[in-house]
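K.L.:
Once you've had a glance at the structure underneath, I'll fire off some questions.
The values are calculated or read from the model by the stated rules, or taken from the named source; none is laboratory data. Nothing here was measured: the structure is a model prediction, and the numbers come from that model. Neighbour counts run over all protein chains shown; Cβ positions are idealised from the backbone, glycine included. Heavy atoms of the whole protein, side chains included, go into the accessibility calculation; ligands, DNA and RNA do not. Shrake-Rupley method; radii C 1.70, N 1.55, O 1.52, S 1.80 Å.
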Amino acid sequence: MPPIIKFNWSRLLIIPSLYMLLLPFGDKWYGYVLFILLALLFWRSTSNVKHRERSIVIQHMCVMLLIILFNPWNIWYGLYPAVVTGLLPSFARITVYTGSMVVFYIAAIWYHVEFDFGTQDLSWIPILILLVGLPYFLRNQQISNQVKIELLSANEEIARLIKIEERERIARDLHDTLGHTLSLLTLKGELVEQLVQRNPDEAIQEVRELQHISRNTLIQVRKLVSDMQSVRLSEEVIQASQFLRSAGIVIHLNSMDLEKIPLVNGKILGLCLRECVTNIVKHSQAGNCWMTIFENSGSFILEIEDDGVGMGSVNRTHEGSGLMGMKERLRMIEGKLHWKSNAGGGMNITISVPKIEKPFSE
């Protein structure tokens, strides 16, 4: 997970410190005291949660005194308690302190101008508006950063679950492919041993069957190894298109730039695409297949449609198992699968997966 860079809020004190050197408070030493107190409280409260709300109150009092004792333009010092207010954990607390700030700052300015706004420059009002919005902006940024952290953590967990699911699938495939075959080879070997002396001709025939079974097993193992290899979605689309064409099915492809799809999304879509195309070739009796891949509202959509016999004329148990397997795989990343068997024949399957951004190195 990439590190979250924290902003050093004490840097905000550099400019006002230089400002005071250029435009000092003169012999009014209490102006410097108020600023130093404000700066210390600001520095302390940005790094320490304890007594943060009490520090905000004292900072506002310092700003109010700077306004009353000097001029209304010192309202811009309210930037510092406003920043600390934005670090509070709830919008309710932020609203309380922001609302109090508006009331007391206006009262301080009103007192400074001797209760007469008509003869004063009101250009400080935009600064006050900025101070009101700043805490809410900072709180929203905090929430956004927290969501990003949780999303990265969730993505790592999804990647881990995908690996576990793939291992389980490989184990099932190996058991289904090799378990029965090896048992059959064992039985054939025992039979050959019994027939060698009693019926050599039949023994030779059994040996030939053994050779045939072993060749088929080797082909199946090679296919399993090929399926285990992680391919990009673009490669999976090419293989699916070739598979459909070799079965005499015309492929109509409409796709976005597949290289823009993150690896995790592409892997899930590729596995679902492989399952769909296999079912079309084996069961649909279709002549055409339409495949569309696009992005919509933060999700990637895969639509596959054919003009075959539809769900009603195929083995429902097999189809149900295939769709169920895809739903289980999609459920890990909160993906969705919708399908319908068209009235005039054919199937329409829509698969959507939410965007999952992964670091490039992974």
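K.L.:
7 Å from Cα along Cα→Cβ at both Arg215 and Ile164: what's the point-to-point distance in nm?
P.N.:
4.3 nm
K.L.:
Using a 1.4 Å probe, how large is the accessible area of Asp257, given in Å² and rounded to the nearest 10?
P.N.:
Near enough 80 Å² of accessible area.
K.L.:
Using just the C-alpha positions of the range 191-312 as equal point scatterers, what log10 of I(q)/I(0) does the Debye formula give at each q in 0.17 1/Å?
P.N.:
-0.89
K.L.:
Distance check, please: which entries in Lys163/Lys267; Lys260/Lys355; Lys267/Lys340 exceed 21 angstrom between their Cα atoms? Working shown, then result.
P.N.:
Numbers: Lys163/Lys267 11 Å; Lys260/Lys355 11 Å; Lys267/Lys340 24 Å.
Those over the limit are Lys267/Lys340.
K.L.:
With all protein chains present and a 1.4 Å probe, how do Met256, Met311, Met61 order by accessible area, largest first? Don't skip to the end; give the middle numbers.
P.N.:
Numbers: Met256 45, Met311 10, Met61 110 Å².
Descending accessible area places them as Met61, Met256, Met311.
K.L.:
Once the cut-off is 17 Å, how many percent of the Cα-Cα pairs in the range 65-117 end up in the long-distance tail?
P.N.:
In whole percent, the long-distance tail amounts to 40.
K.L.:
If you rank Val33, Val192 by how much accessible surface each has, with a 1.4 Å probe, what is the order from largest down?
P.N.:
Working: Val33 75, Val192 20 Å².
My answer, sorted largest first, is Val33, Val192.
K.L.:
For the full complex of protein chains and a 1.4 angstrom probe, list Trp339, Trp43 by accessible area with the highest value first. Write down the numbers at each step before the final one.
P.N.:
Numbers: Trp339 105, Trp43 130 Å².
Largest to smallest exposure gives the sequence Trp43, Trp339.
K.L.:
Now a separate question. Just the accessible area for Lys50, please: 1.4 Å probe, Å², rounded to the nearest 10?
P.N.:
About 140 Å², rounded to the nearest 10.
K.L.:
Using the Karplus curve 6.51 cos²θ - 1.76 cosθ + 1.60 with θ = phi - 60°, work out ³J(HN,Hα) for each residue of the range 328-339 in order, rounded to whole Hz, and write x for Gly and Pro.
P.N.:
These are the phi-based 3J(HN,Hα) values: 5, 5, 6, 4, 5, 10, 6, x, 10, 10, 10, 9 Hz.
K.L.:
I've got another one for you. What does the accessible area per residue of the range 36-125 come to in Å², with a 1.4 Å probe and no ligands, DNA or RNA counted? Walk me through the numbers before you get to the answer.
P.N.:
On the way: 4530 Å² over 90 residues.
Ligands and nucleic acids excluded, the figure is 50 Å² per residue.
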